[in-house]
Amino acid sequence: MAVYANFSVDSGISFTTTLTVEGLDGMVFDLTGYTARGQIRKTYLSTTAVDFVTEINEPVHGKLVLHLSAVTTATMKPGRYQFDVEIVSAAIVMRVVEGQIEVNPRITRPS
């Protein structure tokens, strides 16, 4: 069920994206009763991770929001990272999206 997506994030800037989760049949997946979690790692084997802030704001329409604050992106070194996002219910864990995130260096900084 996981789809592949690649994102570009600017260091020191807030990042938000909304995903529509679909089932294997291509129809919108009802997220009622689910929570979401997601992490970013430099490599699949990295022991340190950055957590997405996740929100399921329209469960019957399969809407899942991923967010990284400006403070969070500022702590990430520029480069390519791996990520995935899972939805979780009492007995089910499913990966719904995975891919790469490119963190671009920041030029303008607070003085």
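The values are calculated or read from the model by the stated rules, or taken from the named source; none is laboratory data. The model shown is predicted, which means the values in this text are computed figures rather than measured ones. Every residue, glycine as well, gets a Cβ built from its backbone with ideal geometry; the counts of neighbours run over all protein chains shown.
Points to keep in mind about this one:
- Considering each residue of the stretch 53-63 in turn, at least one proves to be on the phi > 0 side of the Ramachandran plot and surrounded by 16 or more Cβ atoms within 10 Å (Cβ to Cβ).
- Hits in the stretch 35-60 (condition: in contact (Cβ under 8 Å) with a residue 40 or more places away in the chain and either touching a helix residue (DSSP H, G or I) at 6+ places or on another chain (Cβ under 7 Å) or of a type in the set (S, T, N, Q) (or both)): 35, 39
- Members of the stretch 1-52 that are within 14 Å of residue 83 (Cβ to Cβ) and of a type in the set (Ser, Thr, Tyr): 4, 8, 17, 43, 44, 46, 48
- Note on the stretch 87-111: among residues that are more than 14 Å from residue 5 (Cβ to Cβ) and surrounded by 12 or more Cβ atoms within 10 Å (Cβ to Cβ), the one that is modelled with the lowest pLDDT is 106.
- Here residue 73 meets each of (1) in a helix (DSSP H, G or I); (2) surrounded by fewer than 18 Cβ atoms within 10 Å (Cβ to Cβ); (3) in contact with a strand residue (DSSP E or B) (Cβ under 6 Å, 6 or more places away or on another chain) with one exception, condition (2).
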